[in-house]
Structures are given as C-alpha cells and as structure tokens.
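Undergrad: Before I ask anything, here is the structure I am working with.
The values are calculated or read from the model by the stated rules, or taken from the named source; none is laboratory data. Keep in mind it's a predicted model, so treat the numbers as computed, not measured. Note that each Cβ is placed from the backbone with ideal geometry, even for glycine, and that neighbours are counted across all protein chains shown.
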Ligand code: UDP
Ligand code: MG
C-alpha cells in the first residue's frame with residue numbers, strides 16, 4: 001500500500017522524522033517503485049492465526065509511506081497452514097509465501113525469508129501474533145535515528161513464568177555478559193534490521209536470536225524498544241525448557257566467533273608461545289641440573305611437565321595456523337544455503 005507522508009494517521013515520530021524518509025525511501029519523498037520494507041514471518045503450524053496475522057500486519061503498516069512486502073515462510077507445517085498460505089498469497093498482493101520442503105526450524109525459516117527479501121529494511125516477527133504488528137512502525141522510527149538493528153523488548157512478557165520467563169531471564173543475563181551487547185530481551189522475534197546487515201550473515205542452530213550480538217561484533221549500531229507482547233490465542237508454542245540449553249550452546253559458538261574468528265593466531269599463537277616458553281625454561285633448568293650439577297633428572301616430575309608444556313605449545317601453535325586457514329575458508333567460501341525452497345507462491349506486486 002502506498003500512502004503519502006502527509007497522511008493524518010502517520011505517527012508523529014514518523015512524520016517529523018526526515019531520517020525515516022532516508023530509511024524507507026532513499027529516493028526522497030516520492031514513493032519509489034522498489035520495495036522499501038520486507039516483513040519476514042516464519043510459520044509452523046499456525047493455521048488458526050494466519051488469517052488474523054496477515055490482516056493485523058497489513059493494518060500495522062497501513063500508514064507506512066512506501067512499498068512493502070510480507071514474506072511468510074512456511075517451515076514444513078502439517079496442519080493445513082501451507083494450503084491456507086497459498087490461498088492468502090493469491091488474494092493479498094503484498095504477500096509472498098515461501099514453502100520449505102520440511103521443518104527446518106525457526107532460524108532457517110527466517111534465513112529463507114532474509115534471502116528472498118527485497119526491502120532495504122527488514123522486520124521480523126512471530127507468526128502467532130504474540131508480537132503486535134502495531135509496533136512495527138515505532139521500530140522503524142527508531143531505526144531511522146541511525147541504528148542498524150532495533151530489537152523489541154517484551155517488557156510485559158505473556159508466557160509461562162517457570163518454564164519460559166525464568167530460563168529466559170537467566171539466558172539474557174549470560175548472553176549480555178558474554179557478548180557485551182546490552183539488551184534486555186534477546187529472544188524477541190520482533191526486530192528491525194537494515195537489509196545489508198543480514199545480507200551476508202549465515203544463520204545456524206538457534207542463532208537468529210544472536211543477530212544483535214553478531215551484528216554488534218560486525219560493528220553495527222544496536223538498540224532496543226519496548227514492545228507489546230500477547231499470550232498465544234491459537235495453536236501452541238513449539239518450544240519448552242530444552243531450548244534454553246540449545247540457546248546456551250549457541251552462545252558458546254557466538255562467544256567463540258567473537259574471540260577467535262578474525263585473528264585465531266593471536267589467541268592460539270600466544271598461548272602456544274607461552275607454553276613453549278615455559279617448557280623451554282624448565283628444560284634449561286633441568287639441563288643445568290643434569291650437566292652442571294651432575295644430578296640425575298630421569299625420575300623428576302618436572303621433566304614430564306617440561307615435555308608436556310613444550311609439546312602442548314607446539315600443538316596450540318599448529319591449531320592456530322589451522323584455525324587461520326579455516327577462518328579464511330569460512331569467510332570466503334560460504335555460498336551454501338541451509339534450506340531448500342520447494343515452491344514460491346504469489347508476490348506479484350502491482
Ligand atoms: N516456528 C517455525 N519453525 C519451527 C518452530 C517455530 O517457523 O520449527 C515459528 C512459529 O510458527 C512462530 C515462531 O517461529 O511463528 C515462534 O515460535 P513459537 O511461538 O512456538 O515460540 P515462542 O513464542 O513460544 O518462543
Ligand atoms: Mg510465540
């Protein structure tokens with residue numbers, strides 16, 4: 001839908017914000033023929049929510065001054081969501097459905113959406129209407145203040161206290177400490193990104209929630225905005241307590257990437273050198289004891305320690321060199337998608 005910026009319903013934050021025009025419309029205030037905003041929604045067994053979802057998202061961005069698209073990625077649903085999406089895509093011009101061959105998980109579904117998004121700005125949200133589409137425009141307004149990523153913060157989260165809220169609180173605390181990004185809520189799917197930020201990020205596991213951290217590592221400006229959160233009305237959550245552990249495992253990956261990815265040799269090389277150095281000093285001392293003092297050293301534990309330190313040092317050094325090679329392969333050769341699209345439906349924009 002294309003409406004003018006002078007529309008009376010445009011929130012004042014949007015209307016009086018010249019920077020937003022630059023985000024939403026790089027060609028000035030005239031609506032461009034290109035899509036400015038892509039809304040990416042992963043869908044897994046959400047048949048009862050889908051019709052409301054599309055309607056609510058369209059209402060949420062009704063005042064958006066430029067062209068937008070909604071990309072629903074069906075992540076191998078078995079409850080009829082797929083057929084319903086096909087129908088909806090046929091009847092809604094803004095809607096494109098991407099149907100994956102099987103259930104790959106939320107992160108892969110989001111990655112499929114990112115890959116197919118045409119907008120300069122990408123907004124993600126859940127397909128169960130726990131996120132409120134009315135919060136999309138405030139997020140965009142914040143993005144236009146010069147941020148690369150704006151994350152939603154579910155200040156009043158409507159989920160089970162013991163199995164969801166408490167583990168999430170602990171996880172958020174640890175993630176903040178490890179990654180150095182200060183956000184209250186990493187798990188909120190409602191986020192706005194500049195498209196170039198996600199363009200070359202490959203997502204695995206549960207990594208989509210670490211996008212702020214990964215983006216931050218890449219030097220992006222990241223902030224958060226409080227958003228509404230509703231209890232699930234239809235369908236049920238796909239996750240339980242188990243996810244917290246998977247998230248924590250992914251945290252190890254992220255913290256590893258943060259430390260080692262760019263210069264592994266700095267870390268492994270220094271450790272290796274220190275270990276070789278310590279082994280050598282001990283070796284010299286033992287040599288002095290054997291040659292100058294003429295004492296036997298064959299039964300001394302120190303000899304074993306010296307040898308182990310020296311060998312461990314050499315190993316660490318070699319791991320550093322290998323990591324340097326791997327790091328180059330990692331950065332230069334990743335063109336492998338983590339999903340396969342079965343078909344695309346709709347998306348014919350006027
Ligand atoms: N989802 C998905 N693939 C999955 C699991 C979930 O695409 O394997 C989608 C799901 O349809 C929803 C979003 O990811 O739109 C978040 O899932 P859910 O609401 O179950 O998570 P919660 O809000 O309970 O954390
Ligand atoms: Mg949900």
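Undergrad: Could you count how many residues in the stretch 156-186 are within 16 Å of ligand 2 (Cβ to nearest atom) and within 17 Å of residue 227 (Cα to Cα)?
TA: 8
Undergrad: May I pose another question? Scan the stretch 89-111 for residues that are under 25 Å from residue 229 (Cβ atoms), touching a strand residue (DSSP E or B) at 6+ places or on another chain (Cβ under 6 Å) and more than 16 Å from ligand 2 (Cβ to nearest atom) and jot them down.
TA: 94, 95
Undergrad: Suppose the filter is in contact with a strand residue (DSSP E or B) (Cβ under 7 Å, 6 or more places away or on another chain), away from ligand 2 (no atom under 16 Å from the Cβ) and more than 13 Å from residue 128 (Cβ to Cβ); does residue 62 pass it?
TA: No; evaluated as a whole, the condition is false for this residue.
Every residue, every condition in (1) at positive phi; (2) surrounded by fewer than 24 Cβ atoms within 10 Å (Cβ to Cβ); (3) assigned to a helix (DSSP H, G or I), yes or no:
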residue: 96; (1), (2), (3): no, no, no
residue: 103; (1), (2), (3): no, yes, no
residue: 118; (1), (2), (3): no, yes, no
residue: 129; (1), (2), (3): yes, yes, no
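Undergrad: Of the conditions (1) in contact (Cβ under 8 Å) with a residue 24 or more places away in the chain; (2) away from ligand 1 (no atom under 15 Å from the Cβ); (3) assigned to a loop (DSSP other than H, G, I, E, B), residue 137 fails just one. Which one is it?
TA: The one condition residue 137 does not meet is (3).
Undergrad: Filter the stretch 97-134 down to the residues that are over 19 Å from the mean Cα position of the chain (by Cα) and more than 16 Å from ligand 1 (Cβ to nearest atom) and list them by number.
TA: 134
Undergrad: For the stretch 166-193, which positions are more than 15 Å from ligand 1 (Cβ to nearest atom), buried (at least 20 other Cβ atoms within 10 Å of the Cβ) and assigned to a helix (DSSP H, G or I)?
TA: 175, 179
Undergrad: Would you check if there is a residue in the stretch 272-287 being within 26 Å of residue 324 (Cα to Cα), out of contact with any strand residue (DSSP E or B) (no Cβ under 7 Å at 6 or more places or on another chain) and exposed (fewer than 14 other Cβ atoms within 10 Å of the Cβ)?
TA: Among the residues of the stretch 272-287, at least one is within 26 Å of residue 324 (Cα to Cα), out of contact with any strand residue (DSSP E or B) (no Cβ under 7 Å at 6 or more places or on another chain) and exposed (fewer than 14 other Cβ atoms within 10 Å of the Cβ), which makes the answer yes.
Undergrad: Could you grab me the full set of residues in the stretch 216-259 that are touching a residue at least 24 places away in the same chain (Cβ under 8 Å), within 16 Å of ligand 1 (Cβ to nearest atom) and in a helix (DSSP H, G or I)?
TA: 243, 244, 246, 247, 248, 250
Undergrad: Ok, one more. Could you list, in sequence order, the residues of the stretch 70-96 that are under 17 Å from residue 52 (Cβ atoms) and within 12 Å of ligand 1 (Cβ to nearest atom)?
TA: Of everything in the stretch 70-96, those that are under 17 Å from residue 52 (Cβ atoms) and within 12 Å of ligand 1 (Cβ to nearest atom) turn out to be 72, 74, 77, 79, 81, 85.
Undergrad: For the list (1) within 16 Å of ligand 2 (Cβ to nearest atom); (2) modelled with pLDDT of 85 or more; (3) surrounded by 14 or more Cβ atoms within 10 Å (Cβ to Cβ), I need the number of the one condition that residue 247 fails.
TA: Unmet condition: (2).
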